[in-house]
Amino acid sequence: MLKDFAWKGVYRSDTSNLMEDFYLPALRRSIAYDRAVGYFSATMLSYAAQGVSALVENDGRMRLVFGGELEESDAAAIADGYEQRELSNRLGKAMVGIINDLADALTHQRLAALAWLIANGRLDIKVALKRRGMYHEKIGVFTDAMGDQVVFQGSANETTHALLPDFNFESINVFPSWRAELKDHFQPYIDGFERLWQNVTANTLVLDFPEAARERLVKVMVRNAQKPSAEIELDVWRRLVSPLIARESAQSSSPLIPKTYKGALFRLADHQRAALNSWKSRDFRGILAMATGSGKTVTSIYGLVRLFESAERLFVIIAVPYQALADQWLDELAIFGIDAVPCYETTANWADRLSREVTHFVTGALRFAACVVVNRTLASENFQQRIARVPGDVLAFLGDECHHHSGAAVSAALPQSARIRLGLSATPRHYLDDARTAVLTKYYGDVAYEYSMAQALQDGVLTPYRYYVHFVELTTEEAETYVNLSDRIAFLAQGGEAEDADAVQGDALKLLLFKRARLLGNAENKITLFRQLISRKSPSPFHLFYCGDGVDDDAEDGMARQVDRVSKTLYEAGWKVAHFTARENAAARRSTLDSFKIGLLHGLVAIRCLDEGVDIPDCRQAYILASSRNPKQFIQRRGRILRRAPNKEFAVIHDLLVSLPDGSTDGLAYSRRLLVAELQRVAEFGRLSTNRDEVYDVLRPLLQRYDLEHHFV
């Protein structure tokens, strides 16, 4: 009962944990909850539903009021019932858009709780519209089975994070109904809510929740198979609101299997178990060739934890190509109770700690230890000297994006003493020639398990996607330059005239190939077409824009990069975007990703920094303005937007395909070659898309013209 809890008079987020100290204790003791908050938005949805999963567990009931502003044109016709229906329809359409754009795990958990109550007839929602100004009161009333009530009134500063009010300062005043001396404080709120609910509040129009928005919420519940629980909401809240909590509580000596993972009860999928069983059957050596987004990271960590539980002693080294990927590994490991040593950035940041971990492990003071190292540091003498002390029979080496380990410098640094070896890569056979593949398999062993993107899409592990091809013709001048470069490339590729200068010839060939790729990536008409595509839609969150890394040499400032021109185009169209390129430092990129993930940015304009490893599952749409012909790049890029995320039903890829203009002086030969080169990506993307037939219909005229239909099967 509510009386059984010692309520404070005031809760402030700087001194109290409002989620654990106030909302959950109150809702766990309540059978009814009345709540009035500000305007309908992602912020208010999350704010209004804090802890409501506990009410779900109680089979309680809720009445919820969202505020809004009534436009003058609507106020003038307020007596007309038809106008009210029109107003409700407009509100419903706007609300559905807001619900569709929700992606962060915490808001989705709370959305699922509201949806559960609606679907089970335990939640009624209304919208309060003021004729002048906006209804913006924030009050709540908890009621228990004895009829006792706790009334609270408060507000949150919503300026910092639009989607996550939990990040902001909040202050709550609390008034228990059994304290008669506080009646003048709590009774006005109780009576005021009832007047609001009955639509008798002066200068305020109260409408039923629009049916379109209600149906959209119920659809969220239908997709959420498990009943919302306070345990899961609290777990997501802890990890999201304070990312350091997991790391601070992690203990290297005691890895564990978490109860929850990213907003749901933790369990391995069938393909993940099959991958680990295959790796185990090969005496814990091999490569997991699993599609991007299919859970390689969590699969491998789970396997290592179970291996430690069996062996009771283990030292783990995880090598990754980039720092951003290393940061993600630290966060994932922390979920499993593992506080890994981050071995990157300056040596001073990690060397002493790694030495202590190794010493404690070797002497038996630690039974488990782990470190995450970037490949460059892995090859350094400072790192090699320290890990050399770890006995090989209890050393596990995990290489993420292990195709990077086929090069001479990095392969020489791989710990040869490690008995346990695990390589992770999406599709390593796409990336390497036979010689480099041999280097890779000699160290890790053969591919132990393969899980393709086609399988992942069929199993629902990845998000289905639609693929749209947009043709872009080179200008006459660009076409002439392309033909000239191609002629020179063909000449050098066939031996040219520098038979005794192979190195010079090789460098010249690379330069010409780069110039041609830059020409295609930065074709002038791409920006024109891109501007047309963007003009057809309103700004919305979770977009990626992949650009070329070339420079327009004719620009007055010499630095009109495509990434800058795309950003300018988006800015002029009202989009909020940020660059994600090598020019931004690691801290800036982390901040940009955080803003993107919670919807403060509509999109990221990237060059190559998002090609591998970076986890951005919330992304819904991608525009590919430039892409290399290397399958490694375009497969990784597609994988960026196919990861599952809350409230994400499908993804969309727009691909700008370059062609030579009709009637160009080269005849058909170069047009055909260019199309063949681009078709490898287009066919790969199109075959697995949900609109495969539509893609083929768009391509058919060109395919038939150049006798290339066999490329699209």
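Looking at the range 3-71, the strands (runs of 3 or more DSSP E) lying wholly inside it that each contain 3 or more residues that are more than 22 Å from Ala105 (Cα to Cα) and in contact with a helix residue (DSSP H, G or I) (Cβ under 9 Å, 6 or more places away or on another chain) sit at 32-39, 61-69. Scan the range 60-70 and give yes if some residue there is more than 34 Å from the chain's Cα centre (by Cα) and modelled with pLDDT under 85, otherwise no. Looking for residues that are more than 34 Å from the chain's Cα centre (by Cα) and modelled with pLDDT under 85, one finds at least one in the range 60-70, hence yes. Residues in the range 235-256 that are at pLDDT 80 or above and either assigned to a helix (DSSP H, G or I) or surrounded by fewer than 16 Cβ atoms within 10 Å (Cβ to Cβ) (or both): Leu256 only. Residues considered: Ala555, Ala479, Ala503. Of these, the only one that is at pLDDT below 80 and in a helix (DSSP H, G or I) is Ala503.
Could you list, in sequence order, all residues of the range 281-315 that are within 25 Å of the chain's Cα centre (by Cα) and either among the polar types (S, T, N, Q) or not assigned by TED's automatic domain parsing to the domain that holds Trp329 (or both)? Listed by number, the residues that qualify are Thr292, Ser294, Thr297, Thr299, Ser300.
None of Gly364, Gly337 is crowded, with 18+ Cβ neighbours inside 10 Å and in a loop (DSSP other than H, G, I, E, B) except Gly337. Considering every residue within the range 442-453, establish whether at least one is in contact (Cβ under 8 Å) with a residue 24 or more places away in the chain, small (Gly, Ala, Ser) and surrounded by fewer than 20 Cβ atoms within 10 Å (Cβ to Cβ). Yes, some residue in the range 442-453 is in contact (Cβ under 8 Å) with a residue 24 or more places away in the chain, small (Gly, Ala, Ser) and surrounded by fewer than 20 Cβ atoms within 10 Å (Cβ to Cβ). Can you say whether Gln680 is free of Cβ contacts under 8 Å to residues at least 24 places away in the same chain and in a helix (DSSP H, G or I), as far as the supplied structure shows? So Gln680 fails the test. Taken together, Gly286, Gly303 contain a single residue that is on the phi > 0 side of the Ramachandran plot and surrounded by 20 or more Cβ atoms within 10 Å (Cβ to Cβ), which is Gly286.
At pLDDT below 80, of a type outside the set (D, E, K, R), within 28 Å of Tyr33 (Cβ to Cβ) and more than 23 Å from the chain's Cα centre (by Cα), is that true of Gly121? Against the criterion (at pLDDT below 80, of a type outside the set (D, E, K, R), within 28 Å of Tyr33 (Cβ to Cβ) and more than 23 Å from the chain's Cα centre (by Cα)), Gly121 does not qualify.
So, Thr292, is that one in contact with a Gly (Cβ under 6 Å, 6 or more places away or on another chain) and among the hydroxyl-bearing types (Ser, Thr, Tyr) or not? Answer is yes for this residue. Could you tell me whether the range 407-427 includes any residue that is loosely packed, with under 15 Cβ neighbours inside 10 Å and closer than 30 Å to Val695 by Cβ? Checked against the condition, which is being loosely packed, with under 15 Cβ neighbours inside 10 Å and closer than 30 Å to Val695 by Cβ, the range 407-427 yields no hits at all. The requirement of being closer than 24 Å to Arg643 by Cβ and part of a loop (DSSP other than H, G, I, E, B) is fulfilled somewhere in the range 313-334, by at least one residue.
Only residues that are in contact with a strand residue (DSSP E or B) (Cβ under 8 Å, 6 or more places away or on another chain) and modelled with pLDDT of 90 or more were counted in the range 508-541, giving 5.
Tell me, please, whether a residue that is over 24 Å from Ala128 (Cβ atoms) and either in contact with a Gly (Cβ under 6 Å, 6 or more places away or on another chain) or surrounded by fewer than 15 Cβ atoms within 10 Å (Cβ to Cβ) (or both) can be found in the range 48-71. Scanning the range 48-71, I find at least one residue that is over 24 Å from Ala128 (Cβ atoms) and either in contact with a Gly (Cβ under 6 Å, 6 or more places away or on another chain) or surrounded by fewer than 15 Cβ atoms within 10 Å (Cβ to Cβ) (or both), so the answer is yes. For the range 269-290, state whether one or more residues are in contact with a helix residue (DSSP H, G or I) (Cβ under 8 Å, 6 or more places away or on another chain), under 22 Å from Gln328 (Cα atoms) and among the aromatic types (Phe, Trp, Tyr). No: the range 269-290 contains no residue that is in contact with a helix residue (DSSP H, G or I) (Cβ under 8 Å, 6 or more places away or on another chain), under 22 Å from Gln328 (Cα atoms) and among the aromatic types (Phe, Trp, Tyr).
Screening the range 373-421 for residues that are within 31 Å of the chain's Cα centre (by Cα) and assigned to a loop (DSSP other than H, G, I, E, B) and picking the one that is farthest from Gly286 (Cα to Cα) gives Ala379. Once the range 14-47 is narrowed to residues that are of a type in the set (S, T, N, Q) and touching a Ser or Thr at 6+ places or on another chain (Cβ under 7 Å), the residue that is surrounded by the fewest Cβ atoms within 10 Å (Cβ to Cβ) is Ser46. Among the candidates Lys259, Lys227, which residue alone is modelled with pLDDT of 80 or more and either in the same structural domain as Val372 (by TED's automatic domain parsing) or of a type outside the set (Ser, Thr, Tyr) (or both)? The conditions single out Lys259.
The values are calculated or read from the model by the stated rules, or taken from the named source; none is laboratory data. Quick caveat, the model's predicted, so the values are computed rather than measured. Quick reminder, even Gly has a Cβ in these numbers, built from the backbone with ideal geometry, and neighbours come from all protein chains shown.
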